[in-house]
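First the structure, in the form of structure tokens, and then the observations on it.
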Amino acid sequence: MSKKIIGILTMAYGTPTAVDEIEPYYTHIRRGRPPEKQQLDDLIARYEAIGGLSPLNEITGRQVVGLAMTLAQMEPDVEYRVYIGMKHWHPYIDEAVQQMHADGITEAVGIVWAPHYSSMSVGTYIEYAEKAREKYGGPAKMTYVQDWHMQPNFIASTATRVRAALDEIPEAQRAETPVVFTAHSLPARITQMGDPYPQQIEESARAIANAIGHKNWFTGWQSAGRTPEPWLGPDILDVIKEQAQQGVKSLVICPFGFVSDHLEVLYDVDIEAKQLANELGIQLVRAASPNDEFDFLRAVATAVLEQADKD
Ligand SMILES: CC1=C(CCC(=O)O)c2cc3nc(cc4[nH]c(cc5[nH]c(cc1n2)c(C)c5CCC(=O)O)c(CCC(=O)O)c4C)C(CCC(=O)O)=C3C
Ligand SMILES: [Fe+2]
């Protein structure tokens, strides 16, 4: 008997693959409004500071291959065909759904490479996938993992990476070193909309801190948009200033709202936040990103399998 086939639509943010793609990419993020020259120059300069372009595409590719291998190992009786669709660059989510349908996939599970749900992040990925499914008339059946921030392997693997970051702090200072769990800020109006994002950030941060028995932790926000409306805070730069005022000498940042090394991690934390911390006499250590680490991919695979079993 041939194996049952299930399509897996994994969705990631996407990044330009050449410098001249930065402008159309930024325009796509801005829903079709081209950026001002100054904004574009700023963004190009930030990519330049991390080496010209982002490693995100390559890492996403390794994650997709690793996920496919992990799924095959965890459930060999089903054939999982793993696809990648990007929110803001090629292959777009639309193109991936079109390909799945063309390949004859009728049953599929969608998952976003981001652990926490917000209507403004994961919600829009799902919206794009559903629009494409309607447009192409398939896959006939597709359900989605909404969030996977409490997957035991996600908690445990993040805890291990935070522990490793703390180990870089001199032992006498380690226990009192604050650990700041950060995620991408969103417009503050999401809290009035009853969005679960802030609460999911809090509960997963607590679970990770508990897993390593670290008492001194809190959450913070990073990479807020440069728009006049209020964004979720406190911003990590303000956190660093406040901690410096309180005499803190060391700090660990775990940007656990992201799953790869990319601009928000390599620039916003490793360059911008570290520079400020340096100036204020704080040793700042950033927890490593999951990238294609085995235990992390097991968490994502488990979330996919649990969703597939619900159907
Ligand atoms: C929630 C969230 C995640 C995490 C969840 C997820 O992963 O989905 C995320 C990840 C990412 N965001 C990324 C890149 C960018 N995001 C931007 C702008 C924005 N992001 C937003 C939200 C998020 N973003 C929002 C509300 C805006 C403002 C939009 C507007 O202006 O209306 C801009 C424009 C310039 C700027 O504002 O910095 C860029 C370049 C990259 C790729 C980096 C690389 O290439 O390595 C990644 C992984
Ligand atoms: Fe973003």
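The values are calculated or read from the model by the stated rules, or taken from the named source; none is laboratory data. The structure displayed is predicted, hence computed values, not measured ones. Positions of Cβ are generated from backbone atoms using ideal geometry, with glycine treated the same way; all protein chains shown enter the neighbour counts.
If L237 meets every condition in (1) assigned to a helix (DSSP H, G or I); (2) more than 16 Å from ligand 1 (Cβ to nearest atom) apart from one, which number is that one?
Tallying (1) assigned to a helix (DSSP H, G or I); (2) more than 16 Å from ligand 1 (Cβ to nearest atom), L237 fails exactly one: (2).
Can you tell me which residue in the range 8-32 is surrounded by the most Cβ atoms within 10 Å (Cβ to Cβ), limited to those that are on the phi > 0 side of the Ramachandran plot and near ligand 1 (Cβ under 8 Å from one of its atoms)?
Quick first cut of the range 8-32, residues on the phi > 0 side of the Ramachandran plot only: 14, 31-32.
Keeping just the survivors that are near ligand 1 (Cβ under 8 Å from one of its atoms) gives 14, 31.
On the way: G14: 23, R31: 6.
By that ranking, first place goes to G14.
Which residues, taken from the range 132-145, are surrounded by 17 or more Cβ atoms within 10 Å (Cβ to Cβ) and closer than 24 Å to S118 by Cα? Walk me through it before giving the result.
Initially, the range 132-145 is screened for residues surrounded by 17 or more Cβ atoms within 10 Å (Cβ to Cβ), giving 132-133, 138-139, 142, 144-145.
Result: A132, R133, M142, Y144, V145.
Of the residues that sit in the range 240-260 and are among the β-branched types (V, I, T) and more than 25 Å from L56 (Cα to Cα), which one is farthest from ligand 1 (Cβ to nearest atom)? Steps first, answer last, please.
Step one: filter the range 240-260 for residues among the β-branched types (V, I, T), giving 240, 248, 252-253, 259.
Okay, now just the ones that are also more than 25 Å from L56 (Cα to Cα), so 240, 248.
On the way: I240: 19, V248: 27 Å.
So, considering only residues that are among the β-branched types (V, I, T) and more than 25 Å from L56 (Cα to Cα), the one farthest from ligand 1 (Cβ to nearest atom) is V248.
In the range 176-203, what residues are farther than 24 Å from P152 by Cα and either surrounded by fewer than 18 Cβ atoms within 10 Å (Cβ to Cβ) or at pLDDT below 95 (or both)? Lay out the reasoning, then the answer.
We begin by selecting, within the range 176-203, every residue farther than 24 Å from P152 by Cα; these are 176-177, 185-194.
Of everything in the range 176-203, those that are farther than 24 Å from P152 by Cα and either surrounded by fewer than 18 Cβ atoms within 10 Å (Cβ to Cβ) or at pLDDT below 95 (or both) turn out to be E176, P187, A188, R189, T191, Q192, M193, G194.
If you check F154 against the conditions, is it farther than 26 Å from R62 by Cβ and either of a type outside the set (D, E, K, R) or surrounded by 15 or more Cβ atoms within 10 Å (Cβ to Cβ) (or both)?
Values: farther than 26 Å from R62 by Cβ: no; either of a type outside the set (D, E, K, R) or surrounded by 15 or more Cβ atoms within 10 Å (Cβ to Cβ) (or both): yes.
Spelling it out, it is not the case that F154 is farther than 26 Å from R62 by Cβ and either of a type outside the set (D, E, K, R) or surrounded by 15 or more Cβ atoms within 10 Å (Cβ to Cβ) (or both).
Would you point out which residue out of R226, R206 is within 16 Å of ligand 1 (Cβ to nearest atom) and not in a strand (DSSP E or B)?
Only one candidate qualifies: R226.
Of all residues in the range 175-195, which are touching a residue at least 24 places away in the same chain (Cβ under 8 Å), in a helix (DSSP H, G or I) and more than 16 Å from ligand 2 (Cβ to nearest atom)? Before you say what the answer is, go through the steps one by one.
Step one: filter the range 175-195 for residues touching a residue at least 24 places away in the same chain (Cβ under 8 Å), giving 175-191, 193, 195.
Now narrow it down to the ones that are in a helix (DSSP H, G or I): 189-191.
Of everything in the range 175-195, those that are touching a residue at least 24 places away in the same chain (Cβ under 8 Å), in a helix (DSSP H, G or I) and more than 16 Å from ligand 2 (Cβ to nearest atom) turn out to be R189, T191.
Does A114 fit the bill of being in a helix (DSSP H, G or I) and of a type outside the set (K, R)? Outline the logic, then answer.
Numbers: in a helix (DSSP H, G or I): no; of a type outside the set (K, R): yes.
No.
What pairs come out if I take residues in the range 223-240 that are over 18 Å from P198 (Cα atoms) and pair them with residues that are within 15 Å of ligand 2 (Cβ to nearest atom) and part of a strand (DSSP E or B) whose C-beta lies under 9 Å away, six or more apart or interchain?
Cβ pairs passing all conditions: T227/P187; L237/Q222.
Evaluate the following for A45: is it of a type in the set (G, A, S), assigned to a helix (DSSP H, G or I) and on the phi < 0 side of the Ramachandran plot? Step through it out loud before you land on a result.
Details: of a type in the set (G, A, S): yes; assigned to a helix (DSSP H, G or I): yes; on the phi < 0 side of the Ramachandran plot: yes.
Answer is yes for this residue.
Looking only at the range 39-98, count every residue that is over 18 Å from L297 (Cα atoms), among the acidic types (D, E) and out of contact with any strand residue (DSSP E or B) (no Cβ under 9 Å at 6 or more places or on another chain) and tell me the total.
3
Scan the range 15-33 and give yes if some residue there is within 14 Å of ligand 2 (Cβ to nearest atom), in a loop (DSSP other than H, G, I, E, B), touching a Phe, Trp or Tyr at 6+ places or on another chain (Cβ under 8 Å) and touching a residue at least 60 places away in the same chain (Cβ under 8 Å), otherwise no.
yes
Any idea which residue in the range 34-61 is farthest from ligand 2 (Cβ to nearest atom), counting only those that are surrounded by 14 or more Cβ atoms within 10 Å (Cβ to Cβ) and closer than 30 Å to N153 by Cβ?
Here the answer is E58.
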